[in-house]
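Quick notes on the structure that follows.
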Amino acid sequence: MSTLTRADLAEALNRKLGLSRSDSLTMVESILRHMCEALSQGENVKISGFGTFLLRDKGERVGRNPKTGVEVPITPRRVMTFRASQMLKDRITKG
């Protein structure tokens with residue numbers, strides 16, 4: 001399996017829209033920057049037809065070291081999850 005990179009996204013914009021390579025990369029960087037900014041300010045990011053990046057606050061809880069069995073407190077934190085849209089799920093499962 002390969003990995004889709006920023007450069008790959010920029011190349012796709014270059015081919016599909018005819019933008020220059022530098023303009024394409026600037027656009028990709030701008031979109032990612034806006035997404036990161038929104039998430040860092042506590043907003044969820046929804047891309048219609050693709051999915052939603054959700055933020056969730058997890059409370060303090062007790063965890064256990066699997067080797068020793070010793071209980072350890074896990075501090076509260078914010079986590080990000082991704083929920084794929086039904087359209088994306090359908091495309092992935094149908095191939």
Taking K and R as +1 and D and E as -1, what net charge do the other residues with C-beta under 15 Å from the C-beta of residue 45 add up to? +3
In this structure, the FRET efficiency calculated for residue 67 and residue 1 from their beta-carbon separation, with R0 = 41 Å, to the nearest 0.05, is 0.80
Ordered by residue, what ³J(HN,Hα) values in Hz, to whole numbers, does the range 84-91 give under the Karplus form 6.51 cos²θ - 1.76 cosθ + 1.60, where θ = phi - 60° and Gly and Pro are x? 5, 6, 4, 4, 5, 4, 5, 5
Once the in-chain neighbours fewer than 8 apart are removed, the lysines whose Cα is under 22 Å from residue 58 read 46
Between the range 34-87 and the range 6-26, what's the alpha-carbon centroid distance in Å? 31 Å
Sticking with the crude label model, points 7 Å out along Cα→Cβ, report the distance from residue 20 to residue 75 in nm, one decimal please. 4.6 nm
Distance (nanometres) between label positions extended 7 Å along Cα→Cβ at residue 44 and residue 12: 2.4 nm
Report, in deg cm²/dmol and to the nearest 500, the calculated mean residue ellipticity at 222 nm for the chain, where each DSSP H run with n ≥ 4 adds -39500 (n - 2.57) and the sum is divided by the residue count. -14000 deg cm²/dmol
Diffing the range 21-37: the Karplus 3J(HN,Hα) column from phi (6.51, -1.76, 1.60, θ = phi - 60°), in whole Hz with x for Gly and Pro, holds 4, 5, 5, 5, 5, 4, 5, 4, 4, 5, 4, 5, 5, 5, 5, 4, 4
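No lab work stands behind these numbers, since they all come straight from the coordinates. Because the structure is predicted, anything quoted here is derived from the model rather than measured. Neighbour counts are summed over all protein chains in view; Cβ atoms, including those assigned to glycine, are modelled from backbone coordinates with ideal geometry.
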